[in-house]
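First up is the structure itself, then whatever we jot down about it.
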Amino acid sequence: MGATNDVPDDPSCRAMTMRLILNGKAAEEPSLREAVEAERARGNDLEVRVTWEQGDAARYAAEAVMDGARIIIAGGGDGTLNEVVQGVLTSEAAFDGSIGVIPRGTANDFASAMGIPEDPAAALAVATRGRTMPIDVGQAGSRFFVNMALAGRGTDIGADTPEVLKKAFGRLSYLVAGITHAGEIQATEASLRAPEFDWTGTCLLIAVANSRQVGGVQLFPDADVDDGFLDIAILPAERTPNRISLLADYVTGGVATSLESALVRHRAPTLTLTSSASFDVSLDGEPVRVSEIEFKLRERCVGFRLPP
């Protein structure tokens, strides 16, 4: 979908209490401010909360649920969206509204996979007047993820990519950072157990997906966010002698390259991952460190506003 705010006007969507939870890095964007003012002029009660530090978005989202907001909008990247979902699903009150997205991050993987436009006015139109679709949300231990969980030593490279690099190269900044740190990525001894699946070995990366893409590339082009399954991909160390070449293939050519033949794939509703040593797990870019973790789905547990 292109950058357009030509979304059908549904009268039932008017005069609703809405809360925009905005990453502080995007707070001064003139186009976003104009979009908010235009939405308010339509008669909608749209309040804005701006984040300052990690955890703010989750706290604001939980408060929005308690305040009775019908639409909670995540304005930021995948990490901001992750926090908003954490806040919604852990709030003391039940949430029967829906979540919208205004993509303001570097990769915006979930928004891109769902066809949500990057233009602020167009994205806000989808958030306030788009169709509502209940989607699955992944759960890793006590934490949630909407898009993807990445496990292995070195999954924090994307999170540590400097802002100046992101601004200069956009999604390709992850390729630059990955090549720079390729020699630092260590293999992980891991065991994975899922229905009709049992794998043990040494791997560089494990991806557990609810949606389709990561780093701007569709790693799971056939994944659906409401199918009740996790899509799993393992990159065994013995199949990746040239890490830089594979990384470049992934970012520039997707997975229809030499990387595809190296991957071990499976689909399952649950997965248990264990290792003799602790490893990093990145949940939509938000890192945790564990030695064992169980993945599962909360099926169709929250509504999202998506393009018609």
> What accessible surface, in Å², does a 1.4 Å probe find on Thr272, ignoring ligands, DNA and RNA and rounding to the nearest 10?
Replying inline: 40
>> Quick query: amide H of Asp226 versus all other amide H atoms, modeled in the peptide plane; which residues come in under 5 Å with a sequence gap of 5 or more or a different chain?
In response: Asp136
>> Rounded to whole Å, give me the distance from the Cα center of segment 259-308 to that of segment 60-130.
In response: 20
> If one puts a single equal scatterer on every Cα of segment 25-136 and applies the Debye formula without solvent, what log₁₀ I(q)/I(0) results at q = 0.15, 0.21, 0.22 Å⁻¹?
Replying inline: -0.60, -1.28, -1.41
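Provide the gained length on full extension for the span Asp67 to Arg289, in nm with one decimal, where the gain is 0.36 nm per separating residue minus the Cα-Cα distance.
Numbers: separation 222, 0.36 × 222 = 79.92 nm, distance 3.33 nm.
Residue separation times 0.36 nm, minus the Cα-Cα distance, leaves 76.6 nm.
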>> Using DSSP to call loops (not H, G, I, E or B), can you name the GluC sites (Glu not before Pro) in segment 56-104 whose Cβ has at most 13 other Cβ atoms within 10 angstrom?
In response: Glu92
> Once fully extended, how much extra length lies between Arg131 and Glu37, figured as 0.36 nm per residue of separation less the alpha-carbon to alpha-carbon distance?
Replying inline: 31.6 nm
> Got a sec? What order do Met18, Met133 fall in by accessible area at 1.4 Å, biggest, i.e. largest, first?
Replying inline: Met133, Met18
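How charged is the neighbourhood of Met133? Take every other residue with its Cβ under 10 Å from the Cβ of Met133, and add Lys/Arg as +1 and Asp/Glu as -1.
Net local charge, Met133 excluded: +2.
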> If the chain between Ala277 and Lys296 were fully stretched, how many nm would it gain, using 0.36 nm times the residue separation less the Cα-Cα distance?
Replying inline: 4.6 nm
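The values are calculated or read from the model by the stated rules, or taken from the named source; none is laboratory data. Remember, it's a predicted structure, so these values are computed and weren't measured experimentally. FYI the Cβ positions are ideal-geometry reconstructions off the backbone, even for glycines, and counts take in every protein chain you see. Areas reflect the complete protein model, heavy atoms only, side chains present, ligands, DNA and RNA absent. Shrake-Rupley method; radii C 1.70, N 1.55, O 1.52, S 1.80 Å.
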